[in-house]
Amino acid sequence: MSQPSVMERLGILADAAKYDASCASSGTAKRNSAGGKGLGSTEGMGICHAYAPDGRCISLLKILLTNHCIFDCHYCVNRKSSNVRRARFTPQEVADLTIAFYRRNYIEGLFLSSGIVRSSNHTMEQLIEAARILREEHEFRGYIHLKTIPEADPELVARAGLYADRVSINVELPTQAGLARLAPDKSTPVIEGAMASIGSAIVEAKDARKRFRHAPRFAPAGQSTQMIVGADQASDADIVGRSATLYSRFRLRRVYYSAFSPIPDASAVLPLQRPPLMREHRLYQSDWLMRFYGFAPHEVQQAADAGGMLPLDIDPKLAWALRFRDAFPVDVNRAPREALLRVPGLGVRAVNALLSARRQRRLRLEDVGRLTVSLTKVRPFIVTADWRPTLLVDRADLRASLAPHKARQLELFGT
Amino acid sequence: MRVCLPAPDDNEAWRTAARGLILAGIAPDAVSWEEPGQGPGDLFAQSPAPIPPPRPDAPTVRASKAFLNLVRMALLHRAPERFDLAYRLLWRLQGQPRLAEDAADPLVRRLDQLSRPVRRDIHKMRAFLRFRSVAEPDGSERYVAWFEPDHHILRANAGFFVRRFAAMRWSILTPAGSLHWTGDVLEEGPPATRLDAPGGDPLEELWRTYYANIFNPARLKVGAMLKEMPRKYWKNMPEAALIPELIAGAQAREAAMVDLGRQEFGPAPDSLADLATGIAGCRHCAIGCNGTRAVPGEGTRRRAFMIVGEQPGDTEEMEGRPFVGPAGEVLRSQLQAAGIDPGQGWLTNAVKHFKHQPTGKRRLHQTPTAGEIDTCRWWLDRERELVAPRLILALGASAARGLIGRTASVQRERGLLARQGDTDIWLTCHPSYLLRLDGAAREAEQARFVADLRGFAQALAAVFHHPPTHSSKEEGELTS
């Protein structure tokens, strides 16, 4: 059978890769090619070179090396028993395509993943080869994200980290029961074992660089993972708990959530109802609360209802504030940073501006209005030089007055 | 006092002038700032007077780091009042050294509002500028881009492209001027037009293919896209031409996927009799539609064991009962030999209809596909709930798939295969496999089959301590 053209294969292998949510290219070591050799640069903040109509950033060439797979995970469009068209690229073809796109300023680099062909080790070697060609033959200084295969040799995973800015392994499902049912070829201990060994390799490499300036870097943009939301029975509280464990045990840089979405030729084992995209958004917000707002995992879980689900109509920070009304109002002229970060409607940036401005003046409501997006949302929770809200406990309608009225519209395509 | 700056993005000249003005004690209201192309436009107008010398008592000019950070970007904005606003802030800063940190001050806020779109413009130029390759007379390649910035950011952004594409030769053309990188020197050129840039690049077709396929039609969020990539950028991005058709087709594509995947099995059956009616009418896969009759399970239910085969065969389909053909005979006799009474358990199949190939008079067995087994698993799951067995014996890889969701290898995984809740699932080969072997191979395989059944019998005894009590035989011949 003749090989389909590069364009056809690119179509198939990009289509196969789109269920991975991550496209980040931020937070890696700074590099450039100003010396006149090589190609590319990374300057801290990643760049989204385009946006697709699904609102997602296109920063990297995100493709699979092949969508042939010996695994049969029910949620996956590339599973062995699926009827999708199959294709494969050679590592050289992937490297050439990356360079051609990069020169035209289409991308920040490459995010390469793969179905498992022949064996885990063979697949991992092919992924590494593509990264090696880019780094050694093209002296490519852009961003590389390699998906690693948990079942592969630790020694291979270690090599991947030397070429890649980021390595990732997907935990796939938040619960072990979900994994056993939907990804019967995968195992939680194997996945977590591989994450642990990458985690310690990252720590060791950082440590070595403190002592030896030329020690090799290992995945300077860290390790990330992805969880599918809504394909198993896990509640939001379960997912938040699982993420917190992953962040602390494996020092992950990011946990991505991907609301399970319909795929062509879906397995009959999958649930019929897809979760609303808003659920995914609320999980990202709760993730932010833990990473940037000083919320402990159990505090985020307190924002959920009795069934462990976060409200869809209001964000988790507001939900928490409504439940713990005695923590408010907060005096913007005196409260510590941690207390200000708990105020619904105040972001990290606004809190920084408030802290800086209040050294110059006593803040009035009008001043706060200049520093925030919406005064309406903030007002019930703060005290300023000229403003004090009526007692919050008296306001049974507070939630209704703050919830966005058009929240349902966002789910127009949600079912 | 008129101050004329040499270029709209010359921050250095503004700083020198502003410093001189402060030292000379000239208040903001007395200064008017001009930039090329935005002054009175009169060629014969008087050229501006030089800035007066510093007053003898002038203190040193103060400019905090926060101030410099704030105005560095704001001064690149296209708004003509930016120089004046920045000078007003510098003037007040002399008495209030930390003023620039007070984001609640209206003037600081105004300058901050000017700096944000500039920062965004710089970022979007790095993101959305597209190079097109052009062959040079000497055979080398030059990469040329056309971009239309909103603010005076071209020079400020040059460093980024030099650091990133140092080994390439490239040009960036804009309506306000152009940049040319020769490989080691950056040269500035005059304003250009879109026609000076190449009209296409053969790679763009590949890029568009990538863009169309990385888009997930099941998650359409046009607003989120427009917020980050407003329409004004689209005309210079080769992929953007696809956006209208991708949006238009998305809902249809999603609906088609959902329809294909839809498995409306209706409410779960409450009894095994309901389940038998259900499978008889099931048309969810090709086997269900092949005109054969469905074969329900039979036997003893509640706290018993369950034996799951692949699918009914020729005899089973005709009689409407499981395990009554040649393979069933092997199974029943070997179960007896291992000390298991087949009548004490529940016998059924992973797939409820008979998949076959009609060849003349005979109907030749065909293995069901993984997709067909997965579809029929809905019925098997309901059947397991109703029968509630403590132990299940899977005969062959297809049965295992119906139970645990993956195609297990009998040779490697025979014996205890999985534990789901308090149900243990055992695996051995399908008895029809033995019928296809001859001689020594058959004897060897049969011995292993018998050994597996003995193991299963021991597990049964361990779970129940004593042989299962004679509970009522339920609905033995459901279909008759």
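Would you mind finding the longest exposed-site-free stretch of chain B, with exposed chymotrypsin sites (Phe, Trp or Tyr not before Pro) meaning DSSP loop and at most 16 other Cβ atoms within 10 Å?
That would be B:45-264.
In the stretch A:34-67, which trypsin sites (Lys or Arg not before Pro) are in a loop and have at most 11 other Cβ atoms within 10 Å, using DSSP for the loop call?
Listed in order of number, the matching sites are A:Lys37.
May I ask you to derive the relative contact order of chain B, considering only C-alpha pairs under 8 Å and at least 6 residues apart, and to give it as an integer percent?
Relative contact order of chain B: 9 percent.
What list of ³J(HN,Hα) couplings, whole Hz, do you get for the stretch A:242-258 from phi and the Karplus terms 6.51, -1.76, 1.60, once you set θ to phi - 60° and write x for glycine and proline?
Once θ is set to phi - 60°, the couplings for the stretch A:242-258 become 5, 4, 4, 4, 5, 4, 7, 6, 10, 6, 5, 7, 8, 10, 9, 10, 10 Hz.
If we count GluC sites (Glu not before Pro) as exposed when they sit in a DSSP loop and have at most 12 other beta carbons within 10 Å, what is the longest stretch of chain B that avoids them all?
Longest gap between qualifying sites, sites excluded: B:265-476.
If we count every other residue with Cβ under 12 angstrom of A:Ser248's Cβ, Lys/Arg +1 and Asp/Glu -1, where does the sum land?
Cβ neighbours under 12 Å give a net charge of +4.
Mind checking which helices in chain B clear 27 Å along their axis (Cα) and have mean Kyte-Doolittle hydropathy of -0.5 or more, DSSP H runs only?
B:439-464
If you place +1 on the Cβ of every Lys and Arg and -1 on the Cβ of every Asp and Glu, how big does the dipole about the Cα centre of chain B come out, in debye to the nearest 20?
My answer is approximately 720 debye.
In deg cm²/dmol and to the nearest 500, what is the mean residue ellipticity at 222 nm of chain A if only DSSP H runs of at least 4 residues count, each as -39500 (n - 2.57), divided by the residue total?
Helices in chain A give a 222 nm mean residue ellipticity of -11000 deg cm²/dmol.
Computed on protein heavy atoms with a 1.4 Å probe, what is the summed buried accessible area for the chain pair A and B, in Å² to the nearest 100?
About 6400 Å² of accessible surface is lost on pairing.
Can you tell me which of A:Asp207, A:Asp232, A:Asp397 moves the most in a GNM of chain A? Springs connect C-alpha atoms under 10 Å apart.
Fluctuation is largest for A:Asp397.
Could you tell me which trypsin sites (Lys or Arg not before Pro) in the stretch B:66-147 are loop residues by DSSP with no more than 16 other beta carbons within 10 angstrom of their beta carbon?
B:Arg98
Cross-link partners among aspartates and glutamates for B:Lys361, C-alpha distance below 16 Å, same-chain residues fewer than 8 apart left out?
Counting by Cα, and skipping residues close in sequence, B:Lys361 has these aspartates and glutamates nearby: B:Asp314, B:Glu317.
Give the long-range amide H neighbours of A:Val330: residues separated by 5 or more places, or on another chain, with amide H under 5 Å away, using H modelled in the peptide plane at 1.01 Å from N.
A:Ile382, A:Val383
Past the 32 Å Cα-Cα mark, which pairs from A:Lys30/A:Lys186; A:Lys186/A:Lys206; A:Lys30/A:Lys62; A:Lys186/A:Lys317; A:Lys30/B:Lys124?
Table pairs above 32 Å Cα-Cα are A:Lys30/A:Lys186; A:Lys186/A:Lys317.
Mean separation of Cα pairs under 8 Å and 6+ residues apart, divided by the residue count of the stretch B:261-406: what relative contact order is that in percent?
Contact order relative to length: 31 percent.
Quick one: of the DSSP bridges fully inside chain A, what percent are antiparallel, nearest 5?
Around 15 percent antiparallel, to the nearest 5.
Residue farthest toward the positive end of the dipole of chain B, with Cβ of Lys/Arg at +1 and Asp/Glu at -1: which of B:Ser333, B:Leu386, B:Ala166?
B:Ala166
Straight-line reach only, C-alpha to C-alpha below 30 angstrom: list the lysines that B:Lys355 could link to, leaving out same-chain residues fewer than 8 apart.
Cα-Cα hits under 30 Å: A:Lys80, B:Lys473.
Which residue, chosen from B:Val295, B:Thr315, B:His284, occupies the Cα position most advanced towards the positive end of the dipole of the stretch B:272-464, where the dipole is computed from +1 (Lys, Arg) and -1 (Asp, Glu) charges on Cβ about the Cα centre?
Highest projection toward the positive end goes to B:His284.
Quick check for me: using +1 on Lys/Arg Cβ and -1 on Asp/Glu Cβ, what's the dipole size of the protein assembly as shown about its Cα centre, in debye to the nearest 20?
Using only the charged Cβ atoms, the result is roughly 2360 debye.
Heavy atoms only, probe 1.4 Å: what % of the accessible area of the protein assembly as shown goes to carbon and sulfur, would you let me know?
Using a 1.4 Å probe with all protein chains present, the protein assembly as shown comes out at 53 percent carbon and sulfur.
Placing +1 on the Cβ of each Lys and Arg and -1 on the Cβ of each Asp and Glu in the stretch B:108-225, which of B:Phe131, B:Ala224, B:Leu154 has its Cα farthest towards the positive end of the resulting dipole?
Ranked along the dipole, the leading option is B:Ala224.
With runs of 4+ DSSP H residues as the only contributors, calculate the mean residue ellipticity of chain B at 222 nm using -39,500 (n - 2.57) per run, divided by the residue total and rounded to the nearest 500.
The helix-only estimate for chain B comes to -12500 deg cm²/dmol at 222 nm.
Classify the stretch B:129-196 from the C-alpha gyration tensor, please: rounded if a/c falls under 1.5, else prolate or oblate depending on whether a/b exceeds b/c.
oblate
Just the number please: accessible area per residue for the protein assembly as shown, 1.4 Å probe, all protein chains included, in Å².
Heavy-atom SASA per residue in the protein assembly as shown reads 44 Å².
Any idea what angle helix A:348-357 forms with the longest principal axis of chain A, computed on alpha-carbon atoms, 0 to 90 degrees, nearest 10?
50 degrees
Counting alpha carbon pairs within less than 8 Å and at least 6 residues apart, what relative contact order, in whole percent, applies to chain A?
In percent, rounded to a whole number, it is 12.
Mind listing which GluC sites (Glu not before Pro) in the stretch A:70-179 are in a DSSP loop and have 14 or fewer other Cβ atoms within 10 Å?
Here the GluC sites (Glu not before Pro) that fit, given the DSSP loop and packing criteria, are A:Glu139.
Work out the mean other chain Cβ neighbour count within 10 Å for the residues of A:7-13 and drop it here as an integer.
Partner-chain Cβ atoms within 10 Å, mean over residues of A:7-13: 3.
Classify the stretch B:272-464 as rounded, prolate or oblate from the Cα gyration tensor: take a ≥ b ≥ c as the square roots of its eigenvalues, call it rounded if a/c is under 1.5, otherwise prolate when a/b beats b/c and oblate if not.
Oblate is the answer for the stretch B:272-464, as a/c is 1.5 or above yet b/c matches or exceeds a/b.
So how strong a dipole does chain A carry about its Cα centre when Lys and Arg Cβ are +1 and Asp and Glu Cβ are -1, to the nearest 20 debye?
1480 debye
Cross-link partners among lysines for A:Lys37, C-alpha distance below 21 Å, same-chain residues fewer than 8 apart left out?
Counting by Cα, and skipping residues close in sequence, A:Lys37 has no lysines nearby.
If you take each beta carbon of peptide A:258-266 and count the beta carbons of other chains within 10 angstrom, what is the mean?
5
By the scheme Lys and Arg +1, Asp and Glu -1, what is the net charge of all other residues having a beta-carbon under 9 Å from that of A:Trp387?
Within the 9 Å Cβ shell, the charges total +2.
The values are calculated or read from the model by the stated rules, or taken from the named source; none is laboratory data. As the structure is a computational prediction, the values presented were derived from the model and not from experiment. Reconstructed Cβ throughout: ideal geometry from the backbone, glycine too, with neighbour counts over all protein chains shown. When the accessible area is computed, the model is the full protein with side chains, heavy atoms only, and any ligands, DNA or RNA have been set aside. Shrake-Rupley method; radii C 1.70, N 1.55, O 1.52, S 1.80 Å.
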